[in-house]
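Take a look at the structure below.
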Amino acid sequence: MQHSPLLTQYLAKLQSLTLDTQSSVLDLACGSGRNGLYLASNDVPVSFADINNEALLQVKQALAGLPKNQQTLTHCKQVDLEQAGIDPLQGQSYAGVMVFHYLHRPLFDHIKAAIKPSGMVIYETFTEQQTQFGRPKNPDFLLKSGELLSLFDDWQVLHSFEGVVITDEENGTKKAIAQIVAIKPN
């Protein structure tokens with residue numbers, strides 16, 4: 001599976017942020033790590049975080065295929081992002097955080113706090129319209145209209161999208177998503 005086109009578009013900015021701040025980009029709820037692996041292969045330091053140890057093993061296997069200098073820029077951490085009353089990002093600081101196809105609303109304040117001033121968030125997940133096209137259907141995992149943009153309304157928004165996209169031209173497969181790329185104020 002291919003990495004998100006948002007990462008190609010903002011790669012130079014992410015490279016600059018990690019170089020300037022000497023910190024990494026957090027691939028939160030990374031799954032198989034396709035997005036973080038793309039960044040790592042382009043010399044961006046990446047921290048992979050997921051609850052699924054098997055997914056993290058898959059990431060580690062993929063990282064083993066990268067040159068040694070790129071491998072040293074990465075690390076993997078198994079973490080439960082949904083433990084009640086616990087900030088899984090407490091005390092951590094990142095040049096950026098990226099999240100794709102994952103939503104746990106109590107994490108938003110923690111994500112925002114973990115990003116360094118002038119750092120970047122890249123977030124994409126499903127909206128309530130997704131129920132027309134398939135899973136997820138649980139409203140806890142679906143953004144309301146305008147919700148993602150409103151969460152970052154005090155940040156410098158570089159990109160915002162909300163709507164339906166075709167994910168497979170041949171089959172006409174669609175998904176309803178919201179995306180944001182934003183810079184944290186100083």
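Every number here is computed from the coordinates shown, using simple stated rules; none is lab data. In this text, all values refer to a predicted model and were calculated from it rather than measured experimentally. Methodologically, a virtual Cβ is constructed for each residue, glycine included, from the backbone with ideal geometry; neighbour enumeration extends over all protein chains shown.
Here is how the numbers come out for the structure above:
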| read-out | value |
| --- | --- |
| 15 Å tail of the calculated P(r), the stretch 23-116, as % of Cα pairs | 56 percent |
| Stretch gain in nm, segment VAL164-HIS101, where the contour uses 0.36 nm per residue and the Cα spacing is subtracted | 21.3 nm |
| Shape box of the stretch 77-138 [Cα atoms, principal axes, largest first, Å] | 39, 27, 20 |
| Gap separating the Cα centres of the stretch 97-170 and the stretch 1-68, nearest whole Å | 18 Å |
| Estimated FRET transfer efficiency (ASP20, ASP154; beta-carbon r; R0 22 Å; 0.05) | 0.50 |
| Extension gain from ASN69 to ASN186, taking 0.36 nm per residue of separation minus the Cα-Cα distance | 39.0 nm |
| The chain: Lys pairs at Cα distance under 24 angstrom, eight or more positions apart or on different chains | 17 |
| Cα gyration tensor of the chain - equivalent ellipsoid semi-axes, whole Å, descending | 24, 20, 17 |
